[in-house]
Amino acid sequence: MANVDIYPASLRLLGRSVLVVGGGETAAGRAKGLLDAGARVTVVAPALSDALAALHDGGLLAWEQRSYTSSDVDGMWFVHAATGIPDVDDAVAADAEAARIWSVNASDASSSSAWMPAVASVDDVKIAVNAGGDSRRAQALRNAVATALESGSLPLRRRKVSASPSQGSVALVGGGPGDAGLITVRGRRLLAEADVVVADRLGPRSLLSGLDADVRIIEVGKTPGHHPVPQEEINAILVREAQAGNRVVRLKGGDPYILGRGGEEAIHCRENGVDVEVVPGVTSAVSVPAAAGIPLTHRGLAKAFTLISGHEDLDQVPAGSDHTVVILMGIGTLNQSVKTLSAAGRGADCPVAIIENGYAPNQRVTIGTLGTIAAQAAAVRVANPAVVVVGDVVRVSPLAPPELATANYGTQPKTLTHP
Ligand SMILES: C[S@@+](CC[C@H](N)C(=O)[O-])C[C@H]1O[C@@H](n2cnc3c(N)ncnc32)[C@H](O)[C@@H]1O
């Protein structure tokens, strides 16, 4: 097709009459799009596809069950010729042209006065791509832009202040263990749309520097035993900012619902009438051991695991070393935990790994046994944040010393560091 200049514009079809000639799949696609835009759609066709019949049965469009006649274009704002029969589509386009009505001829783009771009909607953003008459090229470009918007890598945030500000919202986003690549696509997108980010100390903090300069970042990070912003105040900030009309992202480390008080935050928002979305995250309980090459279950070594905080009753967990125990916030109580687990039946030779700063450049892995780990941890001054893994699965780590390792698991993964 010759390269023709076009004039992009967006039609506002709410309540306006639009004609679709044809009863097949192409006509159904056009009718759906027109109905989404609020148009009053009339379909002229002797028979309807299932999709069109469903729309008609649902009372969403009018159907003239017959062949097309020239007077069908009368009074229309916009016309689609989509019968699949070139002579009929050309006749529809010619009638529309004579009546000075914009039309799309699905059989012959060159005789169309209007072209259909490749379209996608993300939130309230619509993307429409024309690519020199090459529809597959337009679709590929449309898909690429839509994917980039969905994943938050394009600036989706609203800039225009609404004349009647609506109430904002809160998203509790699980940011994963810290690496920017381990947040979900949904979480990344909500972050790109946020006006206010209420941030933890852990999680993908490098993403914060990529936000617009006018996005407000409220730091509420805690360390074990030190909560500079108490939980009640965090809850209040979320509600206050949302009620001021902001899109608030509560960016949390790991998963919001795993030892992260996300449940309390969600309940507090709902109790105060604030919309809240919870976006799951990759919990450190599972991912940080993986960063050290430790699977929490492994055929022949462990079928189950218990996740527990260092403050809880460790003597209540199953005693066999084939049941993995994962301890978060467990460094301050490590000595006591080791004693409890040994006494509860695991024995001094049960393997233990401590992974500090998982996925960070300063990640460090210390591996020993219940009999040795307390002294090892003290010697290298192990500190939070760290995940403690207790059980036979530690033997699978490429970092396990030869006396503990079950097999040669190949070369050390790039991300791993020895103490
Ligand atoms: C308050 S808990 C929050 C857990 C979080 N909701 C999750 O699902 O991962 C904080 C604890 O998670 C663990 N943790 C989180 N990120 C970590 C990381 N990158 N490396 C090591 N431990 C981490 C540490 O045990 C830390 O003390």
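The table below gives the values:
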item	result
Residue-normalised accessible area of the stretch 165-282, expressed per residue, 1.4 Å probe, Å²	43
Rounded to 10°, Cα long-axis angle of helix 262-271 versus longest principal axis of the chain	50
Unit charges on C-beta of K, R, D, E only; dipole of the chain, Debye	1080
Of every Cα-Cα pair in the stretch 1-130, the percent that sits beyond 23 Å	28
Sulfur and carbon atoms: percent of accessible area, the chain [1.4 Å]	53
Antiparallel DSSP beta bridges within the chain, as percent of all bridges there, nearest 5	35
Charge dipole (the chain, unit charges on Cβ, about Cα centre) - positive-most of V326, G263, G15	V326
26 Å Cα-Cα reach of K339 towards lysines, excluding residues that sit fewer than 8 places from it in its own chain	K303
Value of relative contact order over the chain, rounded to a whole percent, pairs C-alpha under 8 Å and six or more apart	10
Nearest-0.05 FRET efficiency for R16 and D50, computed from C-beta distance (R0 30 Å)	0.65
Hits among lysines - C-alpha to C-alpha of K252 under 25 Å, sequence gap 8 or more where chains match	K222
Cα radius of gyration and Dmax for the stretch 16-74 (Å)	10.2, 28
Most mobile listed residue (R250, R100, R205) in the chain, GNM with C-alpha springs under 10 Å	R100
Separation in nanometres of the label points that stand 7 Å from Cα toward Cβ, at D275 and D36	1.8
Within a Gaussian network of the chain (alpha carbon springs, distance under 10 Å), most fluctuating of Q231, Q316, Q167	Q316
Residue-span extension gain [L154 to T406] - 0.36 nm each, minus C-alpha spacing	86.1 nm
Spatially proximal lysines relative to K126 (Cα-Cα < 17 Å; intrachain offsets below 8 disregarded)	K32, K160
Mean ellipticity per residue at 222 nm, deg cm²/dmol - from DSSP H runs of n ≥ 4 across the chain, formula -39500 (n - 2.57)	-7500 deg cm²/dmol
The stretch 328-345 - phi-based ³J(HN,Hα) in whole Hz, Karplus 6.51/-1.76/1.60, Gly and Pro as x	9, 6, x, 6, x, 10, 4, 4, 5, 4, 4, 4, 4, 5, 4, 5, 6, x
Ratio of Rg to Rh over the stretch 286-406 (Cα coordinates, Kirkwood Rh, two decimals)	0.91
Degrees, to the nearest 10: 86-98 long Cα axis against longest axis of the chain	70
Rounded to the nearest 20 debye, dipole of the stretch 185-232 from Cβ charges on Lys, Arg, Asp, Glu	260
Prolate/oblate/rounded call for the stretch 165-282, Cα gyration tensor, a/c under 1.5 rounded	rounded
Total formal charge among the other residues, if their Cβ is under 13 angstrom from that of G345, Lys/Arg +1 and Asp/Glu -1	-1
Computed log₁₀ I(q)/I(0) - Debye formula, equal Cα scatterers, no solvent, the chain, q 0.10, 0.12, 0.14 Å⁻¹	-0.82, -0.95, -1.13
Efficiency of FRET between D212 and Q167 - r from beta-carbon atoms, R0 22 angstrom, step 0.05	0.55
On Cα atoms only, tilt of 25-36 relative to the major axis of the chain in degrees	80
Nitroxide proxy distance, nm - points 7 Å out along Cα→Cβ at A348 and S121	6.8
Residue (of A128, L34, A379) at the positive-pole extreme of the chain, dipole from beta-carbon charges	A379
Cut-off under 5 Å, modelled amide H: who pairs with F78 long-range	L19
Solvent-accessible area per residue, Å², over the stretch 286-406 with all protein chains present [probe radius 1.4 Å]	42
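The values are calculated or read from the model by the stated rules, or taken from the named source; none is laboratory data. This is a predicted model, so every value here is computed, not measured. Neighbour counts run over all protein chains shown; Cβ positions are idealised from the backbone, glycine included. These area figures cover heavy atoms from the full protein model, side chains too; ligands, DNA and RNA do not enter into them. Shrake-Rupley method; radii C 1.70, N 1.55, O 1.52, S 1.80 Å.
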